[in-house]
Amino acid sequence: MAEHPIRPEIAALPSYRAGQRAPEGAHKLSSNENPYPPLPSVVAAIAEAAQHVNRYPDPAATALVAAIAARFDVSPDNVALSTGSVALCQHIVSAVAGPGDDVVFGWPSFEAYPIVTGIAGARVVAVPLAEGWRQDMAATAQAVGPHTTCVFVCSPNNPTGTVVSHADVVRLLEVLPSRVVVVIDEAYVEFVDDPEAVRGIELFRADPRVVVLRTFSKAYGLAGLRVGFALAHPTLAEAIRKTTTPFAVSVVAQEAAIASLAAEDELAVRVEQLRAERTQVLDALTEQGWEVPAAQGNFVWLPTGPRTDDVAASLRESGLVVRAFAGAGLRVSVATPDAHTVLTEALRNWAPRVGS
Ligand SMILES: *Cc1c(COP(=O)(O)O)cnc(C)c1O
């Protein structure tokens, strides 16, 4: 019998569940990807970078860091990069939490948070969401104890799509001790149109405890290339860089991200289209009687409760792959009008009767 010396914290971890692969011809609405192919200018940058993959990338990603610093009006010292912001979640937690420390977040939320906490050997403190599927900021503050070193605020929250208000995060920061790092995960911020929503970068500028996570995977449409960044106080950004695998972000990913920042106006048109699609889907579902929370990301949350697995199986029959959270609900990515026509038709059979 094999007896590998696997740490008990690792053996106990659930395996990360990626969005299901879509069968041929099905609509993949399970991973919150951008349905549009990369822009021609980005494809050109990728093709050009491909000529140089015999060389290691610039380990400091100097040009991309400079482009991000210029875009967000921060110092290059504030920027830490990695292979998607999911990797940055892990780097941050391993930089600030270990055995004996607590990491606090709302639940359900991004499935990576408990995993990266477990890898660090720290303790998960999962705070149930409040009414309306929002992160409960009062309960989050109360869950912070003497061993807490890190709090995640996910806005919009994956999988429920809700944002927390700027005022609520300001209040949270007022009551937290100075040693606690607050990570504001803004993976979907480009899709937000609620004026009350937290503005992470503003808080990062004012408070050395605040880290903002951004990604090129969602609005920028580079999920397959793996690149995201953190904006943090220089000391914290340096600690994050130290925990990152050397040469993590490839030559191709660095060049594609630079080209994407240069094409933001073009990308913004697509984001606007997806927001308009989101409104259409929300309206159609609300009309069917679904109580869908205000979606602020590129996905909607369908509270299907105990029927979740049955509804997911039925959608699959109709050619739609969505992400099921057993016993709670379905997360459905906003995509193309075609997919939404199929979706609203398929859901009609399952719609809760209005008034029942
Ligand atoms: C998608 C997502 C990320 C990061 O994705 P990457 O592809 O790793 O950049 C981070 N946080 C949340 C909440 C997400 O949904």
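Pull out a ≥ b ≥ c, the square roots of the eigenvalues of the alpha-carbon gyration tensor of the stretch 95-220, then state rounded if a/c is under 1.5, prolate if not and a/b is larger than b/c, and oblate in the remaining case. Display every interim value, and only then the final one.
On the way: a/c = 1.44, a/b = 1.32, b/c = 1.09.
Rounded, since a/c falls under 1.5.
Among Arg241, Arg55, what's the order by accessible area (1.4 angstrom probe), most exposed first? Don't skip to the end; give the middle numbers.
On the way: Arg241 100, Arg55 170 Å².
The ranking, largest first, comes out as Arg55, Arg241.
Rounded, prolate or oblate: which one fits the stretch 214-356, using the alpha carbon gyration tensor with axes a ≥ b ≥ c (rounded when a/c is under 1.5, else prolate when a/b beats b/c, else oblate)? Walk me through the intermediate numbers first.
On the way: a/c = 2.54, a/b = 1.99, b/c = 1.28.
Here the stretch 214-356 falls in the prolate category.
For Leu13 and Val269, calculate 0.36 nm times their separation in residues minus their Cα-Cα distance, and state this gained length in nm to one decimal.
Values: separation 256, 0.36 × 256 = 92.16 nm, distance 4.02 nm.
Between Leu13 and Val269, full extension yields an extra 88.1 nm.
Specify whether the C-alpha gyration tensor of the stretch 155-254 places it in the rounded, prolate or oblate class, a ≥ b ≥ c being the square roots of the eigenvalues: rounded for a/c under 1.5, otherwise prolate if a/b is larger than b/c and oblate if not. Spell out each step's value before the answer.
On the way: a/c = 2.61, a/b = 1.23, b/c = 2.13.
Here the stretch 155-254 falls in the oblate category.
Counting only helical runs of four or more DSSP H residues, what would the 222 nm mean residue ellipticity of the chain come to if each run contributes -39,500 (n - 2.57) and the total is spread over all its residues? Working shown, then result.
Numbers: 13 runs with 139 residues, N = 356.
Taking each H run of at least 4 residues, the total per residue is -11500 deg cm²/dmol.
Rolling a 1.4 Å sphere over the protein heavy atoms, what is the accessible area per residue of the stretch 73-201, to the nearest Å²?
On the way: 4480 Å² over 129 residues.
With all protein chains present, the stretch 73-201 gives 35 Å² per residue.
Let me spell out the model: positive unit charges on the Cβ of Lys and Arg, negative unit charges on the Cβ of Asp and Glu, origin at the Cα centre of the stretch 157-197. What dipole size does that give, in debye rounded to 20?
On the way: 2 positive and 8 negative charges, 63 e Å.
That gives a dipole near 300 debye.
Determine the dipole magnitude for the chain: charges of +1 sit on the beta-carbon of Lys and Arg, -1 on that of Asp and Glu, nothing else is charged, the reference point is the Cα centre, and the result goes in debye to the nearest 20. Before the final figure, lay out each step's value.
Values: 27 positive and 38 negative charges, 139 e Å.
The calculated dipole for the chain is roughly 660 debye.
Write down Rg/Rh for the chain, rounded to two decimals, with Rg from the C-alpha atoms and Rh from the Kirkwood relation over Cα pairs. Can you show the working numbers first?
Working: Rg = 20.3 Å, Rh = 21.1 Å.
Rg/Rh: 0.96.
Round to a whole number: what % of the accessible area of the chain belongs to carbon and sulfur, probe 1.4 Å? Present the calculation step by step, with values, prior to reporting the outcome.
Numbers: 8840 of 16270 Å².
About 54 percent, which is the carbon plus sulfur part of the accessible surface.
Looking at the chain, send over the antiparallel percent of its DSSP beta bridges, to the nearest 5. All intermediate terms of the calculation are to be shown ahead of the outcome.
On the way: 17 of 37 bridges.
Here the antiparallel bridges make up roughly 45 percent for the chain.
The values are calculated or read from the model by the stated rules, or taken from the named source; none is laboratory data. Computed from a prediction, not measured in an experiment: that's the story for all the values here. Note: ideal-geometry Cβ built from the backbone for every residue, glycine included; neighbour counts use all protein chains shown. The accessibility values were calculated without ligands, DNA or RNA, using every heavy atom of the protein model including side chains. Shrake-Rupley method; radii C 1.70, N 1.55, O 1.52, S 1.80 Å.
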